[in-house]
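The values are calculated or read from the model by the stated rules, or taken from the named source; none is laboratory data. Keep in mind it's a predicted model, so treat the numbers as computed, not measured. Methodologically, a virtual Cβ is constructed for each residue, glycine included, from the backbone with ideal geometry; neighbour enumeration extends over all protein chains shown. Side chains included, ligands, DNA and RNA excluded: accessible areas come from the protein's heavy atoms. Shrake-Rupley method; radii C 1.70, N 1.55, O 1.52, S 1.80 Å.
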Amino acid sequence: MGKELTIVSADEYLPLRDVVFNTLRQAILKGEMEPGERLMEISLANKLGVSRTPIREAIRKLELEGLVNMIPRKGAVVASISEKDMRDVLEVRITLEELAVKLAIKNMEDADIDMMKKAGQVFENAVISHDIVNIVEADVAFHDVIYNKTDNNRLIQIINNLREQMYRYRLEYVKDARTHSILINEHNDIIECLKRRDVEAAKAAVREHIGNQERGIVRAIKDR
C-alpha cells in the first residue's frame, strides 16, 4: 500500500476519528484504495500521522457502510462492488422512495416545489463542473428535499442508513457521463409529478429513476 493519502480538509472542531474516516472513505470512493486492498492499521496510522485508535474506529464505520469487509485471518480489506449487494440495496430503496413520495406529496407546498427546482439546478451545475463527488452530493441533496417533507422521522432515519450503503453505487453510476442528462430529466419528471400531486405518477418516476441506476451500475460492473 504505497499510495499517498491526503488528509481530507475539515472543520477544526471535527473529531480526529471523523477526519480519518472521511479521508479513508474518500480514498475508497475515488478508487485510490482498490477493491481487495488491505487496510493495515499500523501503516495507515503512520501515513496519516495518528494513533491506531481512530484508524480502528474508522475501519469499523467503513464496514457498516459496506465499503470494507472483515476477512478471517486477513483483516480489513476494501470491499468489491457486488452486483448482488447492489440489487439488494436498490430493492429496498425503491420501496422506501415510493413511500417517501407518497407521504411527501401530501405536505408539498409551492415553496417546497421551488426548493426542489433549486436543488435540481444545483445538480445541473454540479454536472457542468464534472466533479463526480459533487454530482453525487447534489443528487443526495435533491432527494433530501422529498424525505424531509414526509414528516416521518423513522423513515428518514432508515433512508439515511441506507444512503451510506448506496453512496458507492451512486458514485459508480455517475462516472458514466451518459447518465447525467438522464438524471436531470428524471429529476424534472419527479418535480412535475409532485407539483401535480400525482402520487402514482411520482411513484412510477422514482421506480424508473432507480431502475435506470440499477441497469447502469450492472453495465459498469460488467465492463470492468
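Quick check: anything in segment 125-141 in a helix (DSSP H, G or I), hydrophobic (A, V, I, L, M, F, W, C) and in contact with an Asp or Glu (Cβ under 8 Å, 6 or more places away or on another chain)?
yes
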| request: Tell me which residues, restricted to segment 107-117, are under 23 Å from residue 155 (Cβ atoms) and either in contact with a helix residue (DSSP H, G or I) (Cβ under 9 Å, 6 or more places away or on another chain) or in contact (Cβ under 8 Å) with a residue 24 or more places away in the chain (or both). | output: 107, 108, 112, 113, 115, 116
| request: Spot the failing condition for residue 19; the list is (1) open to solvent by less than 40 Å² (accessible area, probe 1.4 Å); (2) in a helix (DSSP H, G or I); (3) in contact with a strand residue (DSSP E or B) (Cβ under 8 Å, 6 or more places away or on another chain), and only one is missed. | output: (3)
| Hey, residue 176 hits all of (1) of a type outside the set (A, V, I, L, M, F, W, C); (2) in a helix (DSSP H, G or I); (3) at pLDDT below 95; (4) surrounded by fewer than 16 Cβ atoms within 10 Å (Cβ to Cβ) but one; which does it fall short on? | (2)
| field | Tally, over segment 204-224, of residues that are open to solvent by 30 Å² or more (accessible area, probe 1.4 Å), in a helix (DSSP H, G or I), over 12 Å from residue 86 (Cα atoms) and of a type outside the set (Lys, Arg) | value | 3
| Condition check for residue 190: more than 13 Å from residue 93 (Cβ to Cβ), of a type in the set (Val, Ile, Thr) and assigned to a helix (DSSP H, G or I) | yes
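Residue-wise test of (1) in contact with a Lys or Arg (Cβ under 6 Å, 6 or more places away or on another chain); (2) crowded, with 18+ Cβ neighbours inside 10 Å; (3) part of a loop (DSSP other than H, G, I, E, B); (4) of a type outside the set (Asp, Glu).
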residue: 80; (1), (2), (3), (4): no, no, yes, yes
residue: 91; (1), (2), (3), (4): no, no, no, no
residue: 111; (1), (2), (3), (4): no, no, no, yes
residue: 120; (1), (2), (3), (4): no, yes, no, yes
| task | Keeping to segment 59-78, report how many residues are outside any helix (DSSP H, G or I), hydrophobic (A, V, I, L, M, F, W, C) and closer than 19 Å to residue 26 by Cβ. | result | 5
| said: For segment 151-173, which positions are free of Cβ contacts under 8 Å to residues at least 60 places away in the same chain and surrounded by 21 or more Cβ atoms within 10 Å (Cβ to Cβ)? | reply: 173
